[in-house]
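Okay, structure first, notes after.
The values are calculated or read from the model by the stated rules, or taken from the named source; none is laboratory data. Keep in mind the model is a prediction, meaning the values are calculated, not measured. So basically every Cβ, Gly included, is an ideal-geometry build from the backbone, and we count neighbours across all protein chains shown.
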């Protein structure tokens, strides 16, 4: 026997989450390097990678739903929670998703090679988390190639429930280290295919070989795995093999057959990708993000992080495309709006982990954050014609602290204080728009089911004005301004809102002088901890759009906030907020 594994729940969770997140990071790095080597479109490539990763994550959860769960879905219309996940379900959903993009965007076969070559490496890294968690353990064996698990680990608990070991035993009976087998075998598959990838002559052959090798490897590993750890119907026996093995053997055989056929072609087709507009690409990303919302209750914290990481390169590539071709794009407003909504959804994927707040509860919200970016200040004549424009750069950081009291199930009141400090720079070194500032002020607020408001004074101190010929050009000054916010509609569902903030700078997000919410979604969260917002906004009388969102990080009271303000320039903000329930 090799060893006895014994990890606490916290240790197993840390190893598991770290392995899953590192798996997608390694995969994205490999895919990026290969796309650059083959001179493929990074824009289309990263979007398709985001789509495939979304299918892998959601498919792995859907594949783990048992027969009773599917029966409940078809009879009751409610999608049940998954008991786990299986990479087989992910692959079976990712393949048709990729083929759909390939057909309509005329993707080259070499892009499939780039995407799928990273899968065995990602699987090997991700399975390290399975080793630590002790899930999907092997069958009992007396072989020297085995290990045992300590109390609390899945194999130990299963054997005790089956009466195979007594309660209080020091360790489980030895089992095959099937997850370690997975790690070693998939890593060897990656190394082998990586070395031969340039020797294959037909585009798409590498992808077919990857899929076939992974599926056949999975079929072989199942002989060492305890059948009861298979999710859904995959562990049921049929004809001496598990259903999962039959699926792997048949699908893997088809993939290898297609690989053989593809490599024997005498004429290699040379197809070029379809030129897809940024608006269509942004729409595709938004549609994919909508599927994340649809299946959000199936996903765990690390899976949401994986999807966030997967979408970042795709959205960055679209932003770059829009930025470069801004003047030539008639659909730029719709493109930026869809992209902003996508970013907000991905960052603020709703969770069901926020504690229920009831009448009489007290809690304190504490947050920090910052903003960086630019906006344009426009000067107009009496006829409204532009006579001058000036690019203003802003860097800001701030804090917010508030005390909250729940009056009833649907109403709460409170008071808080917020402040910020930052630096503003313009293109003209002698402009009045060159200064630093500090701002601080209290506020009161009320939140009801259909109405909410917040308001209070803000005391601003300006400094660092430019100097001309040794004389102060603009002196330091102080100013008292007023901030206000009004919401009409149910915060837990849909609502409209308006904000007035006579100070175009920031705490956590770009806070325009005036904004009007076009789209607000509360995700059934009466506490306001989860929101998405798309609003018309104005800074220095110029119209723009601001998209913002907030969501909980895992099963914690820690919230991530983010926003993007788009005018002719862009400002982005991010922050963290902690909710301390006093009760």
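So here's what we get for this one:
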| quantity | calculated |
| --- | --- |
| Any chance residue 131 is closer than 15 Å to residue 6 by Cα and part of a helix (DSSP H, G or I) | yes |
| 2 or more residues at pLDDT below 75 and buried (at least 17 other Cβ atoms within 10 Å of the Cβ): qualifying strands (runs of 3 or more DSSP E) within region 469-583 | 542-552 |
| Unique residue being farther than 30 Å from residue 153 by Cα and either modelled with pLDDT under 80 or touching a helix residue (DSSP H, G or I) at 6+ places or on another chain (Cβ under 6 Å) (or both) when the list is 24, 48, 57 | 48 |
| Selection within region 133-161 - more than 18 Å from residue 222 (Cα to Cα), touching a residue at least 60 places away in the same chain (Cβ under 8 Å) and in contact with a strand residue (DSSP E or B) (Cβ under 8 Å, 6 or more places away or on another chain) | 148, 149, 150, 153 |
| Total residues in region 222-246, condition at pLDDT 85 or above and not in a helix (DSSP H, G or I) | 1 |
| Evaluation of residue 425 against (1) modelled with pLDDT of 80 or more; (2) farther than 19 Å from residue 439 by Cα; (3) over 31 Å from the mean Cα position of the chain (by Cα) (one fails), failing number | (2) |
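Yes/no matrix, rows are residues, columns are (1) assigned to a helix (DSSP H, G or I); (2) free of Cβ contacts under 8 Å to residues at least 40 places away in the same chain; (3) in contact with a strand residue (DSSP E or B) (Cβ under 8 Å, 6 or more places away or on another chain):
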residue: 191; (1), (2), (3): yes, yes, no
residue: 201; (1), (2), (3): no, no, no
residue: 215; (1), (2), (3): yes, no, no
residue: 220; (1), (2), (3): yes, yes, no
